[in-house]
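Peer 1: Got a structure here, written out as structure tokens. Questions coming.
Bear in mind these aren't lab numbers, they're just calculated from the coordinates by the rules spelled out. Treat the numbers as computed from the prediction; the structure is a model and nothing was measured. Reconstructed Cβ throughout: ideal geometry from the backbone, glycine too, with neighbour counts over all protein chains shown.
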Amino acid sequence: MAFSPNGDRIVSGSFDRTVRVWDATTGSIAHIYHSSSSHVQTVAWLSRGAQIAASGDDGKVYVWDTNTGKVIDTYGNFGAVHSIAWSPLGRYLAVGDDRLLRVRDMESEKVTTAYLDNAQAVLAVAWSPDSIYIASGG
């Protein structure tokens, strides 16, 4: 789960292949997006905008525009994705799968860096506030 930048909405992923955007005040569902993942394991909200990213067992990352409800990007051929995180300014998206942490430049649409994270799944990823460092855990 993740809060929107202004805290008025929450995004969640589910085993039923959906990504749901909730009104944080009323608890009502504002949007439901459908993923082809067998289940959605991780979601992240862009810190400066209306985009959310989600991923799961199918190894693809989906990016939706919450204003239009449309998928604006789909990419990846990863193992099961367990963690994703936008960099603070939104240029990069870190993706942790069964063994690797990859960083994708969202402007050039290329994976710029890949890190081997032991022999275990990357279950958590976070950026430093200045976007220079990435922490991951497995």
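Peer 1: For all pairs of alpha-carbon atoms in segment 2-137, what percent lies in each bin of width 5 Å, listed from the first bin to the last filled one?
Peer 2: Per 5 Å bin, starting at 0, the Cα pair percentages come out as 2, 11, 22, 25, 21, 13, 5, 1, 0.
Peer 1: Here is a further query. Please list, in order along segment 4-21, the HN-Hα scalar couplings obtained from phi with the Karplus expression 6.51 cos²θ - 1.76 cosθ + 1.60 (θ = phi - 60°), rounded to whole Hz, x for Gly and Pro.
Peer 2: Whole-Hz 3J(HN,Hα) from phi for segment 4-21: 5, x, 9, x, 8, 9, 10, 10, 9, x, 9, 5, 8, 6, 10, 10, 10, 10.
Peer 1: If the only charges are +1 at each Lys and Arg Cβ and -1 at each Asp and Glu Cβ, what is the size of the charge dipole of the chain around the Cα centre, to the nearest 20 debye?
Peer 2: Computed about the Cα centre, the dipole is about 60 debye.
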